[in-house]
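Accompanying notes for the structure given below.
No value in this document is a laboratory result; all are computed from the given coordinates. All values reported here derive from a predicted model rather than from experimental measurement. Positions of Cβ are generated from backbone atoms using ideal geometry, with glycine treated the same way; all protein chains shown enter the neighbour counts.
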Amino acid sequence: MKKVAFKILRFNPEQDAKAHWENYEVELEPTDRVLDGLEAIKGRVDGTLALRRSCAHGICGSDAMIINGKNMLACKVLVKSVKQPITIEPMRGFKVLKDMIVDMEPFFAKYRSVTPYLVEKDERPEKERLQSLEQRERFDDTTKCILCGACTTSCPSFWADPDYVGPAAIVQAHRFLFDSRDQGKEERLKVMNDREGVWRCRTVFNCVEACPRGINVTRAIGEVKQALAKGKI
Amino acid sequence: MAVHQFDGIIVGAGGAGLMAALQASQGAKIAVLSKLYPTRSHTGTAQGGIGAALGNMEPDKWEWHMFDTVKGGDYLVDQEAAEVMCREAVETVYELEHMGLPFSRTPEGKIAQRPFGGHTKEFGKAPVKRACYAADRTGHMILQTVYQQCIKQGVTFFNEFHVVDLLMSSGAACGVVAIEIATGELHTFHAKAVLFATGGSGRMYKITSNALTLTGDGMATIYRAGLPLEDMEFFQFHPTGIYKMGILITEGARGEGGILRNGKGERFMERYAPTLKDLAPRDMCSRAITLEIREGRGIGGKDYVHLDLTHLDPKVIHEKLPDITDFVETYMGIDPVKELIPIQPTAHYAMGGIPTNSGAQVIRDEKATPVPGLYAAGECACVSVHGANRLGTNSLVDIIVFGRKGGKGLGEFVKKAVLQALPADPEGRTKARMAKLFEGSGSESVEAIRRELQQEMMDKAGVYRVEADLKKMLAIIGSLKERYKGIRLQDRGKKFNMELLEAFELDHLLDLSEVTVTCALARQESRGAHSREDFPKRDDANFLKHTLAFKEEGKVALRYKPVSITRFQPQERKY
């Protein structure tokens, strides 16, 4: 166990007019996650620290935050792999409600705006619909999205224009647009072609770097742009 | 006091809760309450597959699936319920595909299937490919897909509402009380029916695959309301958790050919299960690992063994097991294509829970009398389709089949039922619990009590149990409960008071640990995941029965309920 230094941007709406930095030290193993550090601070040093977390291994998408200046999941970064003091801030571009907890409602509203479900017009067959290995592979990358918000809140276009639908919602649209079974492509493409749609993307690639699931977000956005340019998938 | 009125309330938004919501909200006013955002639910972390006898890769039958489930559960499975589950698994998987679930595919474009522990052909002859999968992200795809369908259907959600009390009126459910996490305000949800789908309680143990939020809130809430919990002594340890962290490595890794090896490099499962070897059920693999370690054959004499994938085609590892590859790289710095993975058994799944019948109705006694308007499904429930040990993939089958049944049952019930009056002062109990935590004068912390509970449960109520340890554990729980009364919260605020929530969660874990240990002490036999060193044999004459635990005068009182046996008579369990 070694002492690890953290510097955390704190904001308590019931006490603070604005956010301020606080320093902490806790004993951790080098192989512990940054999340373990935050939990140790909350449990042993300051019980008022607020953050969302659940699965603690990068699948539930609760604990996206800015760690040493970059968007990451606190449960997917080991203490030994980041410089100290480890700086912790909430995601940028969403309203901060308390400490690391931000208002995710606008994010989910955008998610809902892209028809994020399989549109079925034909009757369901008795067994499964067939899908070739190539057809399945076509949208594999974007099925991995866990809706953590790391990509959208790393995007300068989103910071400049909070109405921009953002990379996460486009990833969701891509997942259905390129699924051979989906029959709702026209409707979804319309949302993508909107002035707050896919054309706001300036291919800065921050989203690719931020994605904890390794999704090539910019490529997915590019494929949606191409589909719009060609008028077909 | 904020009072909301609905026809039905669903507590929990994992696979079971969302599946129930899809059914129930067709024609009734339903709200889904979750202490998380639905997509954060633990269903999303399930990896390897969902079992169904589709027969896409080789012949398979639901009867074989049922037999495996019954045998896997060491004959404590209610066979009537297992028949329902294994029959309906097939249409259920097709329904998920129709909803858009991106299953991995066979070259012909069908849903791909792979072998999994304890799943066999022709009643135990050899492993069968039955687990329908989407790489090693099957749970993620299920959760996303079912949530997408809820969006399509316009299901009403109350996200980050922590349900901490069940309201009953004249013996029937009539609502719940929840803390709105964002504001700290209490809300009463008044309804004709309530369905619990709150998941497991793995956080009573130190090494667990379970999310930090899996604290058995639903089970504890039911228990505190005077209703029983069933078979809580049966807690599954998954054989392959990442060493020291407990993060799950899917059984699918062994389904694809992975092998367990001890410190001498031996494939030790050959000695414990000559036919199925590394694909033996989880309880047997976890016991085998524990014995190897005890007998000094852990790696370098330490408390772990290896999962070996190095002989597999790297393409198989990257295409079929991409997430676990990522996990071992991220957390251990290991490339599974070239290196062995250190693993140890990890607390994974509660076979026990809120007793229900096969219609997902909660029952109140050993005669299986249903509680009007109360349903439960998924891990928090005990149907019982898993008996003394759940087979891999069957948790996902369970949540979808019984989530759907419960939702459907609830939807029909509320059409005929009348809204019962709320009890007087519905929020009184919750207010009192909160007041104690805020006004406590002691110096105890939630974290310290929880850490001790988890460590002691791991040591004394884990893979192997013995009377002396269990008795010690009961005394420890008693003293931890005393210390709990001395908790004083540091966070005095209302908004996002996570310390308050964790105090409630710890209260629930303490109750459930007490129930687990009491049931384990009384069951003087070894069956499935419950292994008593002082009673190493299964004892059908005395213990082929379900335990029901009631909270009576602050203590745990036990009664027993018969097992439903229809097709398969108990036999010795060999693999």
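Numbers for the structure displayed
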{"read-out": "Residue match in the stretch A:108-129 (condition: over 23 Å from B:E95 (Cβ atoms), without any contact (Cβ under 8 Å) to a residue 60 or more places away in the chain and not basic (K, R))", "value": "yes"}
{"read-out": "Total residues in the stretch A:108-124, condition within 9 Å of chain B (Cβ to nearest Cβ) and charged (D, E, K, R)", "value": "3"}
{"read-out": "Enumeration of residues in the stretch B:449-461 that are at the interface with chain A (Cβ under 10 Å from one of its Cβ atoms) and surrounded by fewer than 16 Cβ atoms within 10 Å (Cβ to Cβ)", "value": "B:R451"}
{"read-out": "Some residue of the stretch B:113-122 being closer than 27 Å to A:C145 by Cβ and either within 14 Å of chain A (Cβ to nearest Cβ) or part of a loop (DSSP other than H, G, I, E, B) (or both)", "value": "yes"}
{"read-out": "Cross-chain or 6+ apart pairs with Cβ under 7 Å, the stretch A:146-169 first and closer than 15 Å to A:R112 by Cα, then among the basic types (K, R) and assigned to a loop (DSSP other than H, G, I, E, B)", "value": "A:I146/A:R213"}
{"read-out": "Leading residue by the ranking (nearest to the other protein chains (Cβ to nearest Cβ)) among those in the stretch A:27-69 that are β-branched (V, I, T) and closer than 23 Å to B:I247 by Cα", "value": "A:I59"}
{"read-out": "Residues that are closer than 26 Å to B:H98 by Cα and crowded, with 24+ Cβ neighbours inside 10 Å, drawn from the stretch B:149-195", "value": "B:L195"}
{"read-out": "Only listed residue being under 18 Å from the mean Cα position of the chain (by Cα), crowded, with 21+ Cβ neighbours inside 10 Å and free of Cβ contacts under 8 Å to residues at least 24 places away in the same chain, chosen from A:C60, A:C55", "value": "A:C55"}
{"read-out": "Segments classed as strands (runs of 3 or more DSSP E), wholly inside the stretch B:137-193, with at least 1 members that are within 30 Å of B:Y94 (Cα to Cα), facing chain A (nearest Cβ under 10 Å) and not aromatic (F, W, Y)", "value": "B:156-159"}
{"read-out": "Residue within the stretch B:441-448 that is touching a residue at least 40 places away in the same chain (Cβ under 8 Å), of a type in the set (D, E) and either surrounded by 21 or more Cβ atoms within 10 Å (Cβ to Cβ) or outside any helix (DSSP H, G or I) (or both) present", "value": "yes"}
{"read-out": "Subset of the stretch B:94-112 [within 8 Å of chain A (Cβ to nearest Cβ) and assigned to a helix (DSSP H, G or I)]", "value": "B:Y94, B:E97, B:H98, B:M99"}
{"read-out": "Tally of residues being among the small types (G, A, S) and more than 18 Å from B:E160 (Cα to Cα) across the stretch A:57-73", "value": "2"}
{"read-out": "Pair list, Cβ < 6 Å and 6+ apart or interchain, from the stretch B:307-335 residues that are without any contact (Cβ under 8 Å) to a residue 12 or more places away in the chain to residues that are in a helix (DSSP H, G or I) and of a type in the set (D, E, K, R)", "value": "B:T330/A:K76"}
{"read-out": "Check on A:D182, free of Cβ contacts under 8 Å to residues at least 40 places away in the same chain and either within 24 Å of B:Q149 (Cα to Cα) or of a type outside the set (V, I, T) (or both)", "value": "no"}
{"read-out": "Identity of the residue in the stretch B:149-189, of a type in the set (G, A, S) and out of contact with any strand residue (DSSP E or B) (no Cβ under 8 Å at 6 or more places or on another chain), that ends up farthest from A:I101 (Cα to Cα)", "value": "B:S170"}
{"read-out": "Count of residues meeting criterion [surrounded by 21 or more Cβ atoms within 10 Å (Cβ to Cβ) and within 9 Å of another protein chain (Cβ to nearest Cβ)] in the stretch A:71-107", "value": "6"}
{"read-out": "The stretch B:385-419, residues that are farther than 23 Å from B:Y75 by Cβ and touching an Asp or Glu at 6+ places or on another chain (Cβ under 7 Å)", "value": "B:V414"}
{"read-out": "So A:L97, is it part of a loop (DSSP other than H, G, I, E, B) and in contact with an Asp or Glu (Cβ under 7 Å, 6 or more places away or on another chain)", "value": "no"}
{"read-out": "Whichever residue in the stretch B:297-314 is assigned to a loop (DSSP other than H, G, I, E, B) and under 29 Å from B:F235 (Cβ atoms) and, among such residues, is farthest from the other protein chains (Cβ to nearest Cβ)", "value": "B:R297"}
{"read-out": "Residues (in a helix (DSSP H, G or I), within 10 Å of chain B (Cβ to nearest Cβ) and of a type outside the set (V, I, T)) located in the stretch A:125-184", "value": "A:L133, A:E134, A:Q135, A:R136, A:E137, A:K144, A:Q172, A:R175, A:F176"}
{"read-out": "Selected residue (criterion: surrounded by the most Cβ atoms within 10 Å (Cβ to Cβ)) from residues of the stretch B:37-46 that are within 9 Å of another protein chain (Cβ to nearest Cβ) and of a type outside the set (G, A, S)", "value": "B:R40"}
{"read-out": "Residue match in the stretch B:197-220 (condition: more than 30 Å from B:I343 (Cα to Cα) and among the β-branched types (V, I, T))", "value": "no"}
{"read-out": "Qualifying residue in the stretch A:212-219 (condition: in a loop (DSSP other than H, G, I, E, B), among the small types (G, A, S), more than 12 Å from the chain's Cα centre (by Cα) and under 30 Å from A:L133 (Cβ atoms))", "value": "no"}
{"read-out": "Tally, over the stretch B:360-399, of residues that are under 23 Å from B:V32 (Cβ atoms), over 11 Å from the mean Cα position of the chain (by Cα) and assigned to a strand (DSSP E or B)", "value": "9"}
{"read-out": "Any hit, the stretch B:483-496, residues being in a helix (DSSP H, G or I) and crowded, with 21+ Cβ neighbours inside 10 Å", "value": "yes"}
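A quick yes/no check of all residues on (1) within 14 Å of another protein chain (Cβ to nearest Cβ); (2) not in a loop (DSSP other than H, G, I, E, B):
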residue	(1), (2)
B:P274	no, no
B:A288	no, yes
B:V316	no, yes
B:E329	yes, yes
B:S358	no, no
